[in-house]
Amino acid sequence: MTDESERSSADEQDVTTEPVRAQYEWSSTAPSTAVIETVAIAVNRAPTTLEPLYESLDPDALDTLLRPTGSASSDVETVTVSFNFADWQVTVHSRGDVIVRANSDER
């Protein structure tokens, strides 16, 4: 994933209304980290300026649920988790996709 640490604080007009999609390998990036990075891209802000993920859901539970188990059956099964974080709708798939959309109620 591209390093977004050099992003500056954004004005409201810099925030995208288009869905932001990113692909990760769970073996190298935790799902909870991927969520924060992808939302930061969507809002054009540094990840450290976002509210803590644990205020929306348990990051350890997300990581455990989506991290590959190494069993053959896990390759066939797909897990999808959707939730709101930092006023954004986030969908995370066990295959490594993270999709961030503006909440229609908020934007």
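Assorted remarks:
- Criterion violated by residue 85 - all others in (1) hydrophobic (A, V, I, L, M, F, W, C); (2) at pLDDT below 75; (3) open to solvent by less than 50 Å² (accessible area, probe 1.4 Å) satisfied: (2)
- Pair list, Cβ < 6 Å and 6+ apart or interchain, from segment 52-80 residues that are assigned to a helix (DSSP H, G or I) and surrounded by 13 or more Cβ atoms within 10 Å (Cβ to Cβ) to residues that are hydroxyl-bearing (Ser, Thr, Tyr) and modelled with pLDDT under 95: 66/94
The values are calculated or read from the model by the stated rules, or taken from the named source; none is laboratory data. Fair warning: this is a prediction, and the values are worked out from it, not measured in the lab. Note that each Cβ is placed from the backbone with ideal geometry, even for glycine, and that neighbours are counted across all protein chains shown. Calculation scope for accessible area: heavy atoms of the full protein, side chains included, ligands and nucleic acids excluded. Shrake-Rupley method; radii C 1.70, N 1.55, O 1.52, S 1.80 Å.
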